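Following: one structure in structure tokens, then a few remarks.
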Amino acid sequence: MSYTDLFQIDATVVANEFLDKYMPQANGDYVKVYLYLLKNRVNGIDVETIAEQLQLTEGDVRRAIRYWEEQGIVSVGEASQEKEEEALAKPAVKQSAKSAQQESGDDSALSKAKEEAELRSHYKKAEGKEALDRLQEDSEFGELLFIVQKYRSKILNEREEQILAYLYDGLKLPVDVLDYLVSYCVEAGHNNMSYIEKTGLDWARRGIRDVRSARQRTKEFDAVREERNARKTAASSRQGMTRDTDLDAQLLDRIIQRKMV
């Protein structure tokens, strides 16, 4: 006999304590990462997958995980930097006190993140307008605006121009690197300027200042994405075979029941 529960749903339960105590104070990207970890806490997930699915950089994901570890509600176990680059240990959400110990590199990482946030804020609102006024005389920046509009097939608004000013003038990414960055993101289906900005920040942190290094970075990312897609395809095929088998079994049960009647 087969049984189907029409009210059975695939859901992820979020604790009210998290919603009331932790979520209001957290960065929006941090909340997205937490919920993604919570959903995949059993099977585990790697940094690259989280970054791709949430349209964040790997650096954004790691900072979010570190933040929740400091809050004492997420643990990813101990892993070397090399292992962390390849994959996260299976993340488990837990209720525990905030750890009093931090890695020696945490302070410098937080300081760096603070500097980046301050720099980014400089290119927003009034400060961003001032930067754009100043860059009007910069022929390379003007060329960059033209290139990006051509790739994205749309006129840039002021906020989007401020993002490019941040990448070009703030992070000092060369025009040819930004050209390749936007081209790569758009061809990969990521036309959103926020995604382009996050990817550019990732490249700046990695010291990428030429197209050759940028290509190497995208090749690494593409290889990980292709491997992940292959795993998903294989998993979907297995699930499809299981569903077909289940349907065949149900159909056979119905035929037998009719004959018995």
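Where a number appears in this text, it was derived from the coordinates with a stated rule and is not lab data. Bear in mind that the values here come from a model prediction, so they are computed numbers and not experimental data. All Cβ positions, even for glycine, are placed from backbone atoms using ideal geometry, and neighbour counts span all protein chains on display.
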Item to complete: For an R0 of 51 angstrom, estimate the FRET efficiency from the Cβ-Cβ distance between Asp176 and Arg41 and round to the nearest 0.05.
Response: 0.75
Response to the item:
Pseudo-spin-label distance Glu130 to Glu226, built 7 Å along Cα→Cβ, given in nm, is 4.8 nm
Fill in: Set Lys172/Lys198; Lys124/Lys150; Lys32/Lys232 screened for pairs whose C-alpha atoms are more than 19 Å apart
Lys124/Lys150; Lys32/Lys232
Worksheet, complete the sentence: Share of Cα-Cα pairs in segment 124-186 beyond 14 Å, whole percent, is 53 percent
Item to complete: List the residues whose amide H sits under 5 Å from the amide H of Ser75, counting only those 5 or more places along or on another chain, with H placed 1.01 Å from N in the peptide plane.
Response: Ala92, Lys94
Discussion item. Test of understanding: ordering Lys198, Lys114 by Cβ neighbours within 10 Å, fewest first, what list do you get?
Written reply: Lys114, Lys198
